[in-house]
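To keep things clear, I will list the structure first and then write my remarks on it.
The values are calculated or read from the model by the stated rules, or taken from the named source; none is laboratory data. Just so we're clear, the structure is a prediction, and the values are computed from it rather than from any experiment. Using ideal geometry, Cβ is built from the backbone for each residue, glycine included, and neighbour counts are taken over all protein chains shown.
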Amino acid sequence: VWRKHYGSSSPKNPDGTFRLRNEHLSKLNQDVLYHLGLDNENYDLPKMFGDVKFVCMGGTKYRMKEFAKYIAKSLAIPCEDFVNMTKHSHRYAMYKVGPVLSVNHGIGIPSMTILLQEVIKLLSYAKAKDPIIFRIGTSGGLNISPGSVVISSWGLNGTLEKSYDIPVLGKIRKIPSHFDKRLSEELLSIASEEKDFSTYIGGTMAADDFYRGQARLDGPFCDYTEEDKMAFIKTLVELGVKNIEMEATAFAAMTREAGLRSADVCVTLVNRLEEDQVTPSKSKLLEWQERPMLVIAKYISLYVKKY
Ligand code: R2B
Ligand code: URA
């Protein structure tokens, strides 16, 4: 259905702005981006967001405010107060620093895709040119030491297919979930300069749950054995999966559907072959979560210098 509807045509215009693949939108007098607390009638979106080149998304409000501060420092952009631009909605937090939007998406695919779809509309209405979307996140690693970073080459769903599956009008729609290869390789070469941690490119399983959905033994319910868990984890390793988080499939699928380049860069907090619980200290966890930020900030700084 997806291919039949869109064909292979790109929604990109020659100047880098992009069209939304939904003709119904042209019938609206105004489009309310409800969860962002913005709309395209009462806000001058091109003036507010037309210069956005990068969107960086991550789970928590705290982390994305820290990223906004971090990027302001990296790009030497004087910014004193960081204002949450979605404050009327109270759902998410979004900060703008020069050409960078930093916004949180909550936990899991439904929360992330609501935010992502409204950000995609925002960028299109704002006439942003060739924006790149990053996700910086946390994850459980497979056979790699905690604190390592994984750049996703594709997302794998809970039934081990490389697609984002969503019921639409009563039927499951399957949307392919591959990431932009060149972008992830560029990020790997930047990350590999860091000597304090290792970075890998690999598959990312996106689960719809933190516990059973990620083969954990420590949830309130567990209806399988430790051997079952280890056999499943081994299957994932054999498929090339390097980490498990909760958004990769939908993130890859929707950014691709919009015709936008994107990358998912996650630090691993635990080696799932050895442990289920996330046990590192608060300060270690905070330190590790800066690693994806560092890689993305370096990529953005290089780009901003080039132009
Ligand atoms: C990683 O961490 C969160 C769950 O703790 C989830 O958003 C994810 O993908
Ligand atoms: N986030 C996840 O989704 N899984 C983990 O194991 C750690 C962080």
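General remarks:
- Evaluation of residue 111 against (1) within 16 Å of the chain's Cα centre (by Cα); (2) more than 22 Å from residue 305 (Cα to Cα); (3) not in a helix (DSSP H, G or I) (one fails), failing number: (3)
- Here residue 174 does not qualify as under 23 Å from residue 300 (Cβ atoms) and of a type in the set (Lys, Arg).
- Looking only at segment 240-264, and only at residues there that are within 12 Å of ligand 1 (Cβ to nearest atom) and not in a loop (DSSP other than H, G, I, E, B), the one that is nearest to residue 295 (Cα to Cα): 264
Quick grid of which residues meet (1) closer than 21 Å to residue 243 by Cβ; (2) within 16 Å of ligand 2 (Cβ to nearest atom); (3) over 17 Å from the mean Cα position of the chain (by Cα); (4) of a type in the set (D, E, K, R):
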{"position": "47", "(1), (2), (3), (4)": "no, no, yes, yes"}
{"position": "78", "(1), (2), (3), (4)": "no, no, yes, no"}
{"position": "87", "(1), (2), (3), (4)": "no, no, yes, yes"}
{"position": "95", "(1), (2), (3), (4)": "no, no, no, no"}
{"position": "99", "(1), (2), (3), (4)": "no, no, yes, no"}
{"position": "102", "(1), (2), (3), (4)": "no, no, no, no"}
{"position": "140", "(1), (2), (3), (4)": "yes, yes, no, no"}
{"position": "148", "(1), (2), (3), (4)": "yes, yes, yes, no"}
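- Pairs with Cβ under 6 Å, 6+ apart, first in segment 131-156 and touching a residue at least 40 places away in the same chain (Cβ under 8 Å) and under 25 Å from residue 100 (Cβ atoms), second among the charged types (D, E, K, R) and within 13 Å of ligand 2 (Cβ to nearest atom): 135/264; 137/245; 139/245; 150/242; 152/264
- Qualifying residue in segment 88-108 (condition: farther than 20 Å from residue 18 by Cα, touching a Pro at 6+ places or on another chain (Cβ under 8 Å) and not in a loop (DSSP other than H, G, I, E, B)): no
- Summed over segment 179-212, residues that are part of a strand (DSSP E or B), touching a residue at least 60 places away in the same chain (Cβ under 8 Å) and more than 16 Å from ligand 2 (Cβ to nearest atom) total 1.
- Considering residues of segment 254-272 that are within 12 Å of ligand 2 (Cβ to nearest atom) and more than 21 Å from residue 64 (Cα to Cα) only, the residue surrounded by the fewest Cβ atoms within 10 Å (Cβ to Cβ): 271
- Output for segment 233-253, where each listed residue is of a type outside the set (A, V, I, L, M), farther than 22 Å from residue 187 by Cβ and within 14 Å of ligand 2 (Cβ to nearest atom): none
- Screening residue 78 against (1) in a loop (DSSP other than H, G, I, E, B); (2) crowded, with 22+ Cβ neighbours inside 10 Å leaves a single unmet condition, (2).
- Residues within segment 42-73 that are closer than 19 Å to residue 18 by Cβ and not in a loop (DSSP other than H, G, I, E, B), tallied: 9
- Here residue 110 meets the list (1) within 16 Å of ligand 2 (Cβ to nearest atom); (2) crowded, with 24+ Cβ neighbours inside 10 Å almost entirely, failing just condition (2).
- Test: residue in segment 208-216 that is surrounded by 17 or more Cβ atoms within 10 Å (Cβ to Cβ), closer than 22 Å to residue 56 by Cα and modelled with pLDDT of 95 or more: no
- Qualifying position, being away from ligand 1 (no atom under 16 Å from the Cβ) and without any contact (Cβ under 8 Å) to a residue 12 or more places away in the chain, among 118, 80: 80
- In segment 242-261, the residues that are free of Cβ contacts under 8 Å to residues at least 12 places away in the same chain and under 18 Å from residue 17 (Cβ atoms) form no Cβ pair under 6 Å with any partner that is within 11 Å of ligand 1 (Cβ to nearest atom) and among the basic types (Lys, Arg), whether six or more places apart or across chains.
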